[in-house]
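Below is one structure, written out as structure tokens; comments come after it.
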Amino acid sequence: MRVVSSWGRTRRVLHDIVPVPDRSSLAEVVRGTPQPALAFGNGRSYGDVCLNSGHSLWAMRGLDRFIDFDASTGLLACEAGVLLKEVVELALPHGWFLPVTPGTQLATVGGAIANDVHGKNHHRHGTFGENVEQLRLVRTDGMDIECARDVRPEWFAATVGGMGLTGMIASAILRLRRVPGPWIDSQSHAFASLAEFFELSASLSRSAEYNVAWIDCATDANGATRGIFFSGDHAEDGTPASPRADRRLPIDLPFSLVNGWSVKAFNSAYFARHSRASGPTREDYRAFFYPLDNLLEWNRLYGKAGFYQYQCVVPREVESDATQALLRAIARSRQGSFLAVLKTFDDRAPVGLLSFPCAGTTLALDFPNRPGVVDLFRELDAIVAEAGGRVYAAKDASAPRQMFERSFPKLGEFVAYRDPGIASDMSRRLFGH
Amino acid sequence: MPTRLLVIGATSAIAHAVARRYAASGARIYLVGRRAAALDANAADLKVRGASEVATALLDARDFDRHESTINDAWAAFDGFDAILVAHGVLPDEAACANSAEQTVDAFEINATSVISLLVLLAARLERQRHGAIAVISSPAGDRGRASNYAYGAAKAAVTTFASGLRHRLQAHGVRVLTIIPGFVDTPMTAAISKSALWSQPPRVARDIQAALDSGFGVIYTPGYWRLIMAIIRCIPERLFVRTKL
């Protein structure tokens, strides 16, 4: 048994780690594992979607081989434990990039599919799952399923965003997109109210591919929300980027460096820096997409108690009022940290039964694990539910079952595709098994 | 001309991590291993990562009668090798070995006898070639017998000593022999063991192995701090040592 925690580190629990060394012996490994089991990738999910306390975890990083790459079509076949970073490092020199990338490149391909992750360009390329050409699912009942949007589409829809509960995602074929090089031309725009954010978002999302806003949650509760809107596009520049060294936070701090004072100081400095430098800048793709990856294990900044991330989406029709209400509740609680992010999602048909994005605005922010923080989440849940929005499973560690059921109307349909030998802490919390 | 690499025990996690580093610089790679499907998966991975050519051959290390023909085939296919890595081995169940002569000898045969047999065959060819480097993976377990893994450790001690002699012999022929002593490495072989800060990932160890094959000399502990740890462990007087739990 080994202690495993998710990215939020709020709990450290013992698991039986089952190596998954290669894809040729998968069927035996999957059938031979004591149940319930769960696939564990690189542990970048924040909540309990990747935990299976006291039971088996398949160590998916053992499945980290490429299978085939066609540099003329951009189709890449790989095992599910390959990191997004490894995909990019292979493909970029050939002029290809991930059509959709989350804020870390240290997630696995399997994890990106299971959580149907999104990036800053939902209006252009949708979610990660929309760009999966095909995937292979190996189940504890002996089924070995190849599926795609048009091949056994019901299995594909259940598995994309299916939280790893429909079987072990063993491999996938990804459809990459052409880019001129590793550089992003980005621009920042300061805003002083939520109304300004929505104006910027409406105008920039028509012109720029990548859009994301950072907001200062430490501002007062009167509705003044300052922030910086970042937009970016791939630069027509083929100059190779230089390799970067990782830095690592080597120890668990006994206390959290993230507190009221540090958040205020950080936010003021951040705002001041970006509101001055508002002209276009050419950045390395890693600086633009993965600013925190460079500091490996930055989650330790929150100290031994760990942290939660709360991410929700509220629908377009009510996005302005609902977002305002969420920010007020957070400001009142004085619990927010410096990583608060606003993005908008476009109106696209979701590819998975449980895919998170829907047309509207998504808010994500981190909270140090302190007494009372979960009560705040229930308060936020009420606002989200009232607005007809949903919470994001990849980040969640505390939502009650009813909230989840309200968030995902296709939950009933999904249950039929669950693998009976697979469960997670999240599935026990949200499905009861 | 691309580097020619021969890997024996090519489905081991450390060996594959080394092969990937060579693939990235366009090497020609010859993989020898026991499981065909796993070898093919590794070969495909290395091709995608840039290897200019990948060939595979099946060999169970205990099949001594096939050692010579396997090495001959490999040599003929690539007309010799610039770098060779011998990486096969098993971590035996020490508790079972403690009461089974058969299992102890079996493990020794894989971890020591088969390695030595292959080294003899490879050394003869490298000596004639008068060029190249050969790295063999040994273990800190071979530095001192400990209750928790002496069946494994005794075999690795044999490998370490054999490699040391081979280095001495081939020195004059322009061939370098590297003894690789990886510390705790997080691989499928060690999956059952709880991991502390002393554990390393295969890519970290692979970097040291490639550097050793390129231009290293002698005994290489990886990561390097294991040299110090094992120096201390070797210094503990036997009377004290037998009372420790290591």
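What follows draws every value from the coordinates through simple rules; no lab data is involved. Note that the structure is predicted; figures quoted are calculated from it, not measured. Methodologically, a virtual Cβ is constructed for each residue, glycine included, from the backbone with ideal geometry; neighbour enumeration extends over all protein chains shown.
Structure above, values below:
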{"item": "Mean Kyte hydropathy of -0.5 or more with a Cα span along the axis of at least 15 Å, helices from DSSP in chain B", "result": "B:13-24, B:36-48, B:67-78, B:114-129, B:150-170, B:202-215, B:225-235"}
{"item": "Förster-model FRET efficiency, 41 Å R0, A:His94 and B:Ser117, C-beta, rounded to 0.05", "result": "0.45"}
{"item": "Cut-off under 5 Å, modelled amide H: who pairs with A:Cys312 long-range", "result": "A:Leu363"}
{"item": "Relative packing of peptides A:411-424, A:93-106 - highest average C-beta neighbours within 10 Å first", "result": "A:93-106, A:411-424"}
{"item": "Sorted by Cβ density within 10 Å, fewest first, the residues A:Met426, B:Met230, A:Met403, A:Met1", "result": "A:Met1, B:Met230, A:Met403, A:Met426"}
{"item": "Long-range amide H partners of A:Gly181 with built H, under 5 Å", "result": "A:Asp237"}
{"item": "Ellipsoid semi-axes in whole angstrom, largest first, where each is sqrt(5λ) of the Cα gyration tensor of the protein assembly as shown", "result": "48, 27, 25"}
{"item": "Shielding by other protein chains, B:6-15, mean Cβ within 10 Å", "result": "1"}
{"item": "Segment A:163-173 - phi-based ³J(HN,Hα) in whole Hz, Karplus 6.51/-1.76/1.60, Gly and Pro as x", "result": "6, x, 8, 9, x, 7, 6, 9, 7, 7, 10"}
{"item": "Sequence-distant residues sharing a close amide H with A:Gln35 (under 5 Å, placed H)", "result": "none"}
{"item": "HN-Hα J in Hz across segment A:46-53 - Karplus 6.51, -1.76, 1.60, θ = phi - 60°, x for Gly and Pro", "result": "7, x, 10, 5, 9, 10, 8, 3"}
{"item": "Helix-only mean residue ellipticity at 222 nm for chain B, each DSSP H run of n ≥ 4 adding -39500 (n - 2.57), per residue, nearest 500", "result": "-14500 deg cm²/dmol"}
{"item": "Of A:Val88, A:Ser25, A:Phe271, farthest towards positive along the dipole that unit charges on Lys, Arg, Asp, Glu beta carbons give chain A", "result": "A:Phe271"}
{"item": "Segment B:3-86: equivalent-ellipsoid semi-axes (sqrt of 5 x gyration tensor eigenvalues, Cα, Å)", "result": "19, 14, 10"}
{"item": "Pairwise label distance in nanometres, A:Ser25 with B:Tyr225, each label 7 Å out on the Cα-Cβ vector", "result": "3.1"}
{"item": "Cα centre as origin, Lys/Arg/Asp/Glu Cβ charges: chain B dipole, Debye", "result": "860"}
{"item": "Radius 10 Å from Cβ of A:Pro350, net charge of other residues (Lys, Arg +1; Asp, Glu -1)", "result": "0"}
{"item": "Local electrostatic count at A:Glu79 - Lys and Arg +1, Asp and Glu -1, tallied over other residues with Cβ under 9 Å", "result": "-1"}
{"item": "Lys/Arg +1, Asp/Glu -1 at C-beta; chain A dipole; positive extreme among A:Ala37, A:Ser205, A:Trp183", "result": "A:Ala37"}
{"item": "Listed residues B:Asn111, B:Ile233, B:Ala98: farthest to the positive end of the dipole of chain B (Cβ charges)", "result": "B:Ile233"}
{"item": "Sequence-separation-based contact order of chain A, relative, with Cα cut under 8 Å and 6+ spacing, percent", "result": "19"}
{"item": "Under 13 Å, Cβ to Cβ, from B:Arg66 - net charge with Lys/Arg +1 and Asp/Glu -1", "result": "-3"}
{"item": "Length-normalised contact order of chain B in % [C-alpha pairs under 8 Å, at least 6 apart]", "result": "18"}
{"item": "Of A:Lys85/A:Lys304; A:Lys85/B:Lys195; A:Lys304/B:Lys156, those spanning more than 31 Å from alpha-carbon to alpha-carbon", "result": "A:Lys304/B:Lys156"}
{"item": "Segment A:183-403, relative contact order in percent, only Cα pairs under 8 angstrom and at least six apart counted", "result": "25"}
{"item": "Distance (nanometres) between label positions extended 7 Å along Cα→Cβ at A:Ser193 and A:Asp233", "result": "3.0"}
{"item": "Projected label distance in nm at B:Asn99 and B:Cys235, using a 7 Å step from Cα toward the beta-carbon", "result": "3.9"}
{"item": "Considering only chain A, percent of DSSP beta bridges that pair antiparallel, nearest 5", "result": "85"}
{"item": "Inter-chain shielding of A:64-76 (mean C-beta neighbours from other protein chains, 10 Å cut-off)", "result": "3"}
